[in-house]
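Asks: Pasting in a structure now, in C-alpha coordinates, and then I'll have a few things to ask.
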Amino acid sequence: MGGIDMLPERKNIRLPYYDYHTNGMYFVTVCTKGKEHLFGEVIDGEIHMNAMGKYVARQL
(Lines give C-alpha, C1' and ligand atoms only; values in the text may rest on other atoms or scores of the structure.)
Protein backbone atom coordinates (compact mmCIF):
# COMPACT_ATOMS: atom_id res chain seq x y z
CA MET A 1 0.00 0.00 0.00
CA GLY A 2 1.15 3.61 -0.46
CA GLY A 3 1.81 5.71 -3.49
CA ILE A 4 -0.05 8.79 -4.66
CA ASP A 5 -3.02 8.19 -2.35
CA MET A 6 -0.79 8.77 0.68
CA LEU A 7 0.42 12.27 -0.26
CA PRO A 8 -0.73 15.13 1.99
CA GLU A 9 -3.08 17.73 0.56
CA ARG A 10 -1.18 20.88 -0.37
CA LYS A 11 -2.31 24.49 -0.32
CA ASN A 12 -2.43 26.20 -3.74
CA ILE A 13 0.23 28.95 -3.67
CA ARG A 14 -0.29 30.23 -7.22
CA LEU A 15 -1.29 33.84 -7.74
CA PRO A 16 -4.96 33.90 -8.79
CA TYR A 17 -4.65 36.26 -11.79
CA TYR A 18 -1.06 35.58 -12.94
CA ASP A 19 -0.59 34.01 -16.40
CA TYR A 20 1.93 31.24 -15.74
CA HIS A 21 2.26 30.58 -19.50
CA THR A 22 4.33 33.76 -19.99
CA ASN A 23 8.11 33.99 -19.69
CA GLY A 24 9.31 34.76 -16.22
CA MET A 25 11.67 33.75 -13.45
CA TYR A 26 10.73 30.84 -11.24
CA PHE A 27 12.25 29.43 -8.06
CA VAL A 28 12.57 25.65 -8.11
CA THR A 29 13.08 23.55 -4.98
CA VAL A 30 14.23 19.95 -5.30
CA CYS A 31 13.68 17.71 -2.27
CA THR A 32 15.40 14.36 -1.95
CA LYS A 33 14.21 11.37 0.05
CA GLY A 34 15.55 11.64 3.57
CA LYS A 35 17.10 15.03 2.73
CA GLU A 36 20.05 13.14 1.28
CA HIS A 37 22.76 15.35 -0.23
CA LEU A 38 22.73 13.93 -3.77
CA PHE A 39 23.79 17.05 -5.67
CA GLY A 40 26.81 18.24 -3.71
CA GLU A 41 27.43 19.97 -0.41
CA VAL A 42 27.51 23.39 1.21
CA ILE A 43 30.91 24.48 2.51
CA ASP A 44 31.26 27.84 4.30
CA GLY A 45 27.86 28.91 2.95
CA GLU A 46 28.83 28.14 -0.67
CA ILE A 47 27.36 25.39 -2.84
CA HIS A 48 29.84 22.89 -4.27
CA MET A 49 27.98 20.74 -6.78
CA ASN A 50 29.08 17.23 -7.64
CA ALA A 51 28.64 15.74 -11.14
CA MET A 52 24.93 15.01 -10.54
CA GLY A 53 24.34 18.54 -9.22
CA LYS A 54 25.99 20.04 -12.30
CA TYR A 55 23.89 17.80 -14.57
CA VAL A 56 20.63 18.83 -12.88
CA ALA A 57 21.62 22.53 -13.01
CA ARG A 58 22.29 22.26 -16.77
CA GLN A 59 18.92 20.57 -17.36
CA LEU A 60 16.99 23.24 -15.45
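Asks: How do Asp44, Asp19, Asp5 rank by accessible surface area computed with a 1.4 Å probe, from largest to smallest?
Replies: Working: Asp44 155, Asp19 80, Asp5 135 Å².
The ranking, largest first, comes out as Asp44, Asp5, Asp19.
Asks: Once the piece of chain linking Lys33 and Lys54 is laid out straight, how much longer is it, given 0.36 nm per residue of separation minus the C-alpha distance between them?
Replies: Details: separation 21, 0.36 × 21 = 7.56 nm, distance 1.91 nm.
Taking Lys33 through Lys54 to full extension adds about 5.6 nm, to one decimal.
Asks: What residues qualify as long-range amide H neighbours of Leu38, i.e. H under 5 Å apart, gap of 5 or more or another chain, H built at 1.01 Å from N?
Replies: Excluding prolines and chain starts, which carry no amide H, there are no hits.
Asks: Per residue, what accessible area does the chain have, given a 1.4 Å probe and all protein chains present, in Å²? Before the final figure, lay out the partial values.
Replies: Numbers: 6670 Å² over 60 residues.
Averaged over the residues of the chain, the accessible area is 111 Å².
Asks: Apply the Karplus parameterisation 6.51 cos²θ - 1.76 cosθ + 1.60, with θ equal to phi minus 60°, to every residue of the stretch 18-33 and state each ³J(HN,Hα) to the nearest whole Hz, in sequence, with x for glycine and proline.
Replies: 8, 8, 6, 7, 7, 5, x, 9, 10, 9, 10, 10, 10, 10, 10, 4
Asks: Hey, could you get me the Stokes-Einstein D for the chain, Kirkwood radius over alpha-carbon pairs, 20 °C and 1.002 mPa s, rounded to whole µm² s⁻¹? Don't jump to the answer; show the numbers that get you there.
Replies: Numbers: Rh = 15.2 Å.
D, rounded to a whole number, is 141 µm²/s.
Asks: While we're here: Ranked highest first by average number of other Cβ atoms within 10 Å, how do 8-14, 53-59 line up?
Replies: Details: 8-14: 5.1, 53-59: 11.6.
Descending packing order for the listed peptides: 53-59, 8-14.
Asks: In whole percent, and with a 1.4 Å probe on the protein chains, what portion of the accessible area of the chain is carbon and sulfur? Before the final figure, lay out the partial values.
Replies: On the way: 3850 of 6670 Å².
In the chain, the share of accessible area belonging to carbon and sulfur is 58 percent.
Asks: I've got another one for you. What list of ³J(HN,Hα) values in whole Hz, one per residue of the stretch 37-54 in order, does the Karplus curve 6.51 cos²θ - 1.76 cosθ + 1.60 (θ = phi - 60°) give from phi, with Gly and Pro shown as x?
Replies: Result, rounded to whole Hz: 7, 8, 10, x, 8, 9, 10, 6, x, 10, 7, 10, 7, 8, 4, 5, x, 5.
The values are calculated or read from the model by the stated rules, or taken from the named source; none is laboratory data. It should be emphasised that the depicted structure is a prediction, and the values quoted were computed from it without experimental measurement. No Cβ is skipped: glycine too gets one built from the backbone with ideal geometry, and neighbour counts run over all protein chains shown. Surface areas here come from the heavy atoms of the whole protein model, side chains and all, with no ligands, DNA or RNA. Shrake-Rupley method; radii C 1.70, N 1.55, O 1.52, S 1.80 Å.
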